[in-house]
Amino acid sequence: MNGEIDLAGVYVHPLLLAAVLAFIAAETIGWALARLGLYRFVWHRGLFDVALTVILWAGCAALLGGTAPAALFG
């Protein structure tokens, strides 16, 4: 993850792009969990949402960096 990504002439660090993608994915998953009523099985919704976002951010960063996501956790 040394190089920047060019978005319409603006150079963006890959971690920023991974954070935006992770946030969008976490919000989508959170919306689906709320619609299905699965948040009732979660003890602390805010903590769960933050943990989900961090896990998705690590996965997106690994995929954008060309690293296997399993290498981050093992």
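If a spin label sat at a point 7 angstrom from the Cα of L63 along the line to its beta carbon, the backbone N atoms of segment 19-39 nearer than 19 Å would be those of 19-33. What the phi angles of segment 33-42 give under the Karplus curve with 6.51, -1.76 and 1.60, with θ = phi - 60°, is a coupling list of 5, 5, 5, 7, x, 8, 5, 5, 8, 9 Hz, glycine and proline written as x. Computed from backbone phi with θ = phi - 60° and the Karplus coefficients 6.51, -1.76 and 1.60, the 3J(HN,Hα) list for segment 6-13 is 8, 10, 6, x, 10, 7, 10, 5 Hz; x is used for glycine and proline. Output the 0 to 90 degree angle, nearest 10, between the alpha-carbon long axis of helix 45-65 and the longest principal axis computed from the alpha carbons of the chain. The two axes meet at around 30 degrees. Shape descriptor for the chain: Rg over Rh equals 1.07 (Cα atoms; Rh from the Kirkwood inverse mean 1/r).
Only the coordinates and a few stated rules stand behind these numbers; no lab work does. As the structure is a prediction and not an experimental result, all values here were calculated from the model. Cβ: placed from backbone, ideal geometry, glycine included. Neighbour counts: every protein chain shown.
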